[in-house]
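Presented below is the structure to which this report refers.
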């Protein structure tokens with residue numbers, strides 16, 4: 001066995017022990033190129049470290065996206081801002097970069113009727129923040145309330161809230177569908193109070209604040225929750241917008257009608273060609 005083979009084997013073992021898989025995969029190829037082109041040692045080492053860091057960042061982003069539970073199709077790139085003219089694209093893109101508003105635990109509130117793109121915008125911001133290096137979790141508010149309620153019943157609520165604290169942004173979708181007669185939703189207030197001015201929340205709601213009396217156990221808690229949410233908040237109201245789902249259904253129906261008409265025309269043309277022609281006199 002040659003010295004080069006021994007060195008390669010030792011290097012592979014050490015890189016595995018140090019958990020540097022990308023360098024382990026690339027070092028031999030880069031070393032050969034370095035020897036051929038006469039790189040300084042610093043350039044060779046720097047190239048290896050850059051590849052390792054880039055691969056780690058990629059794996060971390062993929063891991064954070066998988067744990068976020070975001071809809072992979074709902075990105076800002078796939079959102080048609082022209083369909084929602086009252087929504088400032090520049091403002092949304094500024095939020096998507098993170099920075100200051102996440103640092104101070106600010107809130108984003110998106111109001112509007114069903115189907116106008118509230119969840120899409122929220123998920124799109126979440127995806128962009130993950131790309132920027134933040135951690136995000138998306139959940140239906142009713143599902144989260146059920147989980148927190150179960151944690152309370154097992155005397156594990158503080159631990160459950162602490163686990164949510166790892167996320168820079170918590171997206172609570174459809175808060176209006178939570179009903180205080182379905183479960184004791186004071187756990188939702190405790191979550192809001194726990195994250196206040198520390199960790200950010202993005203909430204979508206079909207109803208304005210005046211309809212939130214159905215969510216919390218008593219009026220005082222409703223007022224206290226809203227007071228915390230609107231402090232350091234950005235509010236988008238997507239009103240007077242036709243439902244995306246309704247417009248998409250209408251577009252699909254039109255496409256189907258056009259296809260049906262084209263099919264009938266082709267069938268009619270085919271039938272005419274098959275009819276026997278009258279003989280010439």
**Item:** Hey, residue 173 buried (at least 17 other Cβ atoms within 10 Å of the Cβ) and within 22 Å of residue 226 (Cα to Cα) or not
**Value:** yes
**Message:** Here is a list: 199, 166. Which entry is farther than 30 Å from residue 86 by Cβ and at pLDDT 85 or above?
**Reply:** 166
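For region 50-78: of the residues being under 15 Å from residue 23 (Cβ atoms) and loosely packed, with under 13 Cβ neighbours inside 10 Å, which is farthest from the chain's Cα centre (by Cα)?
Of the residues in region 50-78, the ones under 15 Å from residue 23 (Cβ atoms) are 50-59.
From what is left, the residues that are loosely packed, with under 13 Cβ neighbours inside 10 Å are 50, 53-54, 57-59.
Details: 50: 27, 53: 24, 54: 22, 57: 18, 58: 16, 59: 17 Å.
Here the residue is 50.
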**Message:** Only one of 167, 138 is surrounded by 15 or more Cβ atoms within 10 Å (Cβ to Cβ), free of Cβ contacts under 8 Å to residues at least 60 places away in the same chain and outside any helix (DSSP H, G or I). Can you tell me which?
**Reply:** 167
**Item:** Boolean, residue 126 is over 18 Å from residue 206 (Cα atoms), surrounded by fewer than 20 Cβ atoms within 10 Å (Cβ to Cβ) and touching a strand residue (DSSP E or B) at 6+ places or on another chain (Cβ under 6 Å)
**Value:** no
**Request:** Within region 229-242, identify whether any single residue is modelled with pLDDT of 70 or more and part of a helix (DSSP H, G or I), and answer yes or no.
**Result:** yes
**Message:** Let me spell it out: the conditions are (1) assigned to a helix (DSSP H, G or I); (2) farther than 22 Å from residue 231 by Cα, and residue 76 meets all of them except one. Which number is the exception?
**Reply:** (1)
**Message:** Suppose the filter is at pLDDT 80 or above, under 30 Å from residue 228 (Cα atoms), in a helix (DSSP H, G or I) and not assigned by TED's automatic domain parsing to the domain that holds residue 204; does residue 91 pass it?
**Reply:** no
**Message:** Restricting to region 27-43, name every residue that is surrounded by fewer than 17 Cβ atoms within 10 Å (Cβ to Cβ) and farther than 13 Å from residue 8 by Cβ.
**Reply:** 33, 35, 36, 37, 38, 39, 40, 41, 42, 43
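The values are calculated or read from the model by the stated rules, or taken from the named source; none is laboratory data. Keep in mind the model is a prediction, meaning the values are calculated, not measured. Please note: Cβ atoms are built from the backbone with ideal geometry, for glycine as well, and neighbour counts cover all protein chains shown.
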